[in-house]
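**Q** Here it is, the structure, as structure tokens.
Just so it is clear, none of the values below were taken in a lab; they were calculated from the coordinates. Note that the structure is predicted; figures quoted are calculated from it, not measured. Cβ atoms come from the backbone with ideal geometry, glycine included; neighbour counts cover every protein chain shown.
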Amino acid sequence: MGFEQYILILSSAFMMSLYHCVGMCGGIVLYFNMNAYSSKFIQIIANITYFLGRMCGYVAIGAAFYLIGEAFRFSKNASGIILILLGVILILMAFFSTFYPKILTNILPNSDYKWYKNIFKALLNDKKIFRNFLLGILNGFLPCHLVYMFAIKATNSDTIITAILTMILFALGTFLPLFLLGVLSTGAISARFRNIAMKISFIIMLYFGFTNIYQGISTLTHENQTHSHIHHH
């Protein structure tokens, strides 16, 4: 991926966090920020620790998706087909997450596990700063269509390092809105601004989807031309 793609990933994640993450994960951030931290500096460290945990969760998901994708790339034709499928899935997820998010919520795995909720509650009631790191990891693994959307993007990476970098950029893009919400409790974002952010991120994800499809078609075409050239000789 080129530098411009990294910028697009970062900006898209930031836009998406404004209309989605603040609403979905904001409650967790607000809750653990209600603790009486001894100073504003300690509170900032606590929020950064939570972010690092969340980023580790995202990186693990992105790496897993990449490795699964690699397992199926046993030929150029297979790679082309996978690229096309990933592109179609990205476009569908971008469409549904923007216009019909409830459909994706119903499709995603149910996270209502008793053991998971018990660990979450125990960590929320713990007063140690390190618990925020563990909270972040748990939060990172919560079923979320935006996380899976970027994980699918990571699947199309050239190397596992690029896949990990994709998820780190996704985490960085979602950091600032949740950080400000926790430290400053500034969660008020106008409906009009959220709508604009949603449309911008939708366009960016469509771009990624169609790019995947184009790369897949190019891979298949090149492979077929190569085979045709070999047979003629």
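**Q** Can you order the peptides 137-147, 53-63 by their average number of other Cβ atoms within 10 Å per residue, highest first?
**A** 53-63, 137-147
**Q** Still on this structure, please answer the following. If I take R0 = 30 Å and measure r between the Cβ atoms of F95 and I119 in this structure, what FRET efficiency does the formula 1/(1 + (r/R0)^6) give, to the nearest 0.05?
**A** After rounding to 0.05, the efficiency reads 0.30.
**Q** Arranged from highest to lowest average of other beta-carbon atoms within 10 Å per residue, in what order do the peptides 77-83, 216-222, 9-15 appear?
**A** 9-15, 77-83, 216-222
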